[in-house]
Structure formats: structure tokens, C-alpha cells
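Here's the structure, in C-alpha cells; my notes come after.
The values are calculated or read from the model by the stated rules, or taken from the named source; none is laboratory data. Nothing here was measured: the structure is a model prediction, and the numbers come from that model. Note that we place each Cβ from the backbone using ideal geometry, even for glycine, and neighbour counts take in every protein chain shown. Protein only, heavy atoms only, side chains kept; ligands, DNA and RNA dropped before computing areas. Shrake-Rupley method; radii C 1.70, N 1.55, O 1.52, S 1.80 Å.
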Amino acid sequence: MSQVADTQTLSPLLSELLDLLSKFETALEDEAAVLKSPDISSLSETLQQKETLSEAVTEKFDQLTQTLLTHKQDARISLDNLSLLEIPGLTDSNKQSLKKISEKAKQCHKLNAINGMTVQALRNLNQTTINLLTGRDENGKTYSASGKTLPSDQKSNPLGKA
């Protein structure tokens, strides 16, 4: 037995969640811009804003979950769950809001994954540069004619000793 959606509670909650997701998406775009920029002085502030918004989105989503839960108290809802749109009493406006929220959440997830890959690539680049400058390139490999990697025969000297 499922409960009828309380549209007086649900509509403002959906609106607030969509607004928070839009702000979170903007924070992720700002983070991406800072990561691509040579000046990362604002990265700390951007990450703090991202964390704050992430916590707010989680809290609002938990409120939405509690509002939409059926009598299965241990159930977690998913925005991909099409049965959400079949909740009795859900208005067309609420259904549209749920679809927008789902799309926005997917976009935020995608942006966050891209930012994570960018951070990992920058970390690898920085570590390679540090290894080259300090002469600690233990994993230095070259490619053979067949395209396989082989350990380098050359012992590199750090640039500081050149």
C-alpha cells in the first residue's frame, strides 16, 4: 500500500532540491574552470562551496525520500525509478520536477567524475615532473619496436645535478 503524495509539502521540496542541484552544478563547473587554470588560488574556496552544497543536496534528497517513502521504511528511492512517477496524487508539475531533478543529478555526477579524472591526471603529471626533476624515475620505461614497454637502460640524473 503506497501513500498519496502530499503536494503541499512535495512541490516546495522539489523546487528547493532542483535549485540546490543547479547551484551544485555551477560549483562543479567553477571547479573545472579552476582546475584548467594556471591560477588555483580559488580552488580551496570552490571546494568548500562544493562540499557545503553537496551536504545540502544530500539533506534535501533525504527529506524527499522521507516524503515519498511507502510503508517500507528501509527502502531507498532512486530518481531513476520510474515507479516514482506513478505515486498517487503526484501532479504533472511534480512529475516534471522529478524528471528535471534526475537529469540535473546525472549531469552533476558526470561533471564530478570529469573533475575527478582531471585531478588524477594533474596528480600523475605533477608526480612525473617531480620524478624527472629529482631523478627518481624508478618506473621509467620506453617502448620497443613492437610497442611493448621495457625498463629504460639509461640512468637519469636529476636536473639539479646537471
Inset, instruction - Would you mind stating whether Gly116 is more than 24 Å from Ala33 (Cβ to Cβ) and at pLDDT 60 or above? - result: no
Legend entry - Single residue of segment 46-68 satisfying the filter (within 24 Å of Arg123 (Cβ to Cβ) and among the charged types (D, E, K, R)) that is least open to solvent (accessible area, probe 1.4 Å): Lys50
Inset, instruction - Please go through segment 46-66 and pick out each residue that is among the polar types (S, T, N, Q) and in contact (Cβ under 8 Å) with a residue 40 or more places away in the chain. - result: Gln63
Legend entry - Subset of segment 95-106 that is surrounded by 16 or more Cβ atoms within 10 Å (Cβ to Cβ) and touching a residue at least 40 places away in the same chain (Cβ under 8 Å) - its residue that is nearest to the chain's Cα centre (by Cα): Ala105
Legend entry - Count of residues meeting criterion [farther than 13 Å from Asn112 by Cα, at pLDDT 90 or above and surrounded by 12 or more Cβ atoms within 10 Å (Cβ to Cβ)] in segment 32-45: 3
Legend entry - Residues satisfying the stated conditions in segment 13-31, i.e. touching a residue at least 40 places away in the same chain (Cβ under 8 Å), under 12 Å from the mean Cα position of the chain (by Cα) and open to solvent by less than 20 Å² (accessible area, probe 1.4 Å): Leu21, Leu28, Glu31
Inset, instruction - Count, please, the residues in segment 107-118 that happen to be under 19 Å from Lys23 (Cβ atoms) and open to solvent by 90 Å² or more (accessible area, probe 1.4 Å). - result: 2
